[in-house]
1. Of Lys214, Lys230, which residue is open to solvent by 10 Å² or more (accessible area, probe 1.4 Å), away from ligand 2 (no atom under 16 Å from the Cβ) and closer than 20 Å to Gly184 by Cβ?
2. Which fully enclosed helices (runs of 4 or more DSSP H) of segment 364-470 have 2 or more residues being in contact with a Pro (Cβ under 8 Å, 6 or more places away or on another chain) and not acidic (Asp, Glu)?
3. Consider Gly89 against the criteria (1) in a loop (DSSP other than H, G, I, E, B); (2) surrounded by fewer than 16 Cβ atoms within 10 Å (Cβ to Cβ): it satisfies all of them except one. Which criterion is unmet?
4. If I filter segment 78-85 for residues that are within 16 Å of ligand 2 (Cβ to nearest atom), without any contact (Cβ under 8 Å) to a residue 40 or more places away in the chain and either of a type in the set (Phe, Trp, Tyr) or open to solvent by 40 Å² or more (accessible area, probe 1.4 Å) (or both), do I get at least one hit?
5. Take the residues in segment 240-260 that are in contact with a Pro (Cβ under 8 Å, 6 or more places away or on another chain) and open to solvent by less than 10 Å² (accessible area, probe 1.4 Å), then tell me which one is nearest to ligand 1 (Cβ to nearest atom).
6. Can you find a residue in segment 426-434 that is under 19 Å from the mean Cα position of the chain (by Cα), farther than 16 Å from Arg134 by Cβ and more than 16 Å from ligand 2 (Cβ to nearest atom)?
7. Just the residues that are among the hydrophobic types (A, V, I, L, M, F, W, C) and either over 19 Å from Thr480 (Cβ atoms) or out of contact with any helix residue (DSSP H, G or I) (no Cβ under 6 Å at 6 or more places or on another chain) (or both), please, taken from segment 413-440.
8. Taking Gly69, is it in the same structural domain as Asn25 (by TED's automatic domain parsing), in contact (Cβ under 8 Å) with a residue 24 or more places away in the chain, more than 16 Å from ligand 2 (Cβ to nearest atom) and open to solvent by less than 10 Å² (accessible area, probe 1.4 Å)?
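The values are calculated or read from the model by the stated rules, or taken from the named source; none is laboratory data. Source: prediction; values computed, not measured. Here the Cβ is made from the backbone with ideal geometry for all residues, glycine too, and neighbour counts use every protein chain on show. All accessible areas refer to the heavy atoms of the entire protein, side chains included, with ligands and DNA or RNA removed. Shrake-Rupley method; radii C 1.70, N 1.55, O 1.52, S 1.80 Å.
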Amino acid sequence: MKTNISWNFDNSYSRLSDVFRENINPVAVKSPDLVVLNENLAKELNLNFYEIDRGELSALLTGNILPIGSNAIAQAYAGHQFGHFTMLGDGRAILIGEHLSSENKRYDIQFKGSGKTSFSRNGDGRAALGPMLREYIISEAMNSLNIPTTRSLAVVKTGEEVLREKILQGAILTRIASSHIRVGTFQYISARQNINELKTILNYTIDRHYPEIKKSKNPTLELLIKVIDKQCDLIVNWMRVGFIHGVMNTDNMTISGETIDYGPCAFMDIYDPKTVFSSIDHLGRYAYCNQPSIAKWNLARFAECLIPLIDKDTDKAIDIATDQVNSFQTKYEQKWLKMMRNKLGLFSTDKMDNSLILDLLTWMHRNKVDYTNTFCHLMNSEFKKENIYNDLDFKNWKKRLKERQLKNNTSYHKSLKLMKKNNPLVIPRNHRVEEVLKSAENGDLKPFIKFLNVLIEPYNEHKDVSNYQSLSGYEANYQTFCGT
Ligand code: AMP
Ligand code: MG
């Protein structure tokens, strides 16, 4: 390649034993054509795409050309999918390497939709344009909502067709992550029952994500605690903005605490704790209100993998790990309460806070009111997208909120500032996401870009926001698909 992009590869994962991966290059695509490039993210990564021509860039971001220093692999992992254990692995993704930014931050550079690997089972290894753009817009929205997530650097059309229920345009997403180590990675190694391999992945993960616990008395236990805390924070954040992941299988749960795998995810409009969007989640396993208990279940699967390294005495190790996993519940409740106080602009604590919060949620649920917009109304009473805000019960509830805010011992200004930091004005509403994806699939990317530009500043008032707050066009029985 002629152009200097400033790649700075150091591929530590591919230096691990070959049981962790398969060495394999992306399968070349017919005619790569760049759809969208995330220039802000490129800057953060210190990658310079300015001097490269579009053709070369498209070839680069599909893996048709591999940069010097990259080392393409497919990672091995396993996972519980809807409760059932399966051997998986990167069946349609290739990690081309780990790039170090000028601040020495390490980023996985992964192509999603890059062709078959030995883990593809019956799949074609490919991805379609719509789902890749969907991952792009939602992951970037999540990042701007201040929620840990994998990022999206680019989407490139492949010029090839992919066959799903119908023929779709093929595309490749460049996904950036602090790593792709999953609970499922540990499950894969654990299932092989080789203690040295388990030690290898444990030490690698600690070095990469939590070096501060390396010298502690029991680093394995400390890792479990770290991951419990990270996942707890993550789920609280999802609940804050009404995000429903949709497929919280253990292979889709990172050790870093980043949201990963934007398949059937979607945001809740009308508040209903049982909301499920995924067409395959018939029993509502991954419904909005089940996300904390599923996270705990997944963490128990993670803890099981670590047992042999927590203590030589297995019974003791199980007791220690069980206590930690069970602590999730209390941690979650405390963090959730704090998060809801933030949304309501409440400082310090009051014993009635829990019932104040639950009464609001019950009111929203009973009256089928929009979750995000209700908090917008609480921040600004002029915000009256829905008539229901004239409801007497709600007005009485608002009086209780005002009284509680008076106990803050700070100015209303500070309270409002807290609310504004925690309540987005805009989220990727499903009907708007569908609308812009449809245009993009038909070759008009403008609505996608316009929406994206609003979503990357979700807490700020700007002129286009109000267009995206409306529920008009909202679909009550909206369904999402895995996009595979
Ligand atoms: P996901 O539902 O994206 O979390 O994927 C679950 C598993 O299925 C992973 O091992 C993926 O690599 C694999 N997979 C998903 N879609 C495809 C596909 N089109 N071809 C091959 N493997 C796939
Ligand atoms: Mg996955």
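1. Numbers: Lys214 fails: closer than 20 Å to Gly184 by Cβ.
Every option except Lys230 fails the conditions.
2. Answer list for segment 364-470: 430-441, 446-455.
3. Single failed check for Gly89: (2).
4. Yes; the residues of segment 78-85 include at least one that is within 16 Å of ligand 2 (Cβ to nearest atom), without any contact (Cβ under 8 Å) to a residue 40 or more places away in the chain and either of a type in the set (Phe, Trp, Tyr) or open to solvent by 40 Å² or more (accessible area, probe 1.4 Å) (or both).
5. Gly246
6. Yes - at least one qualifying residue is present in segment 426-434.
7. Start the filter on segment 413-440 by keeping residues that are among the hydrophobic types (A, V, I, L, M, F, W, C), which leaves 416, 418-419, 425-427, 433, 436-437, 440.
Those that are among the hydrophobic types (A, V, I, L, M, F, W, C) and either over 19 Å from Thr480 (Cβ atoms) or out of contact with any helix residue (DSSP H, G or I) (no Cβ under 6 Å at 6 or more places or on another chain) (or both): Leu416, Leu418, Met419, Leu425, Val426, Val433.
8. For Gly69, the condition - in the same structural domain as Asn25 (by TED's automatic domain parsing), in contact (Cβ under 8 Å) with a residue 24 or more places away in the chain, more than 16 Å from ligand 2 (Cβ to nearest atom) and open to solvent by less than 10 Å² (accessible area, probe 1.4 Å) - is not met.
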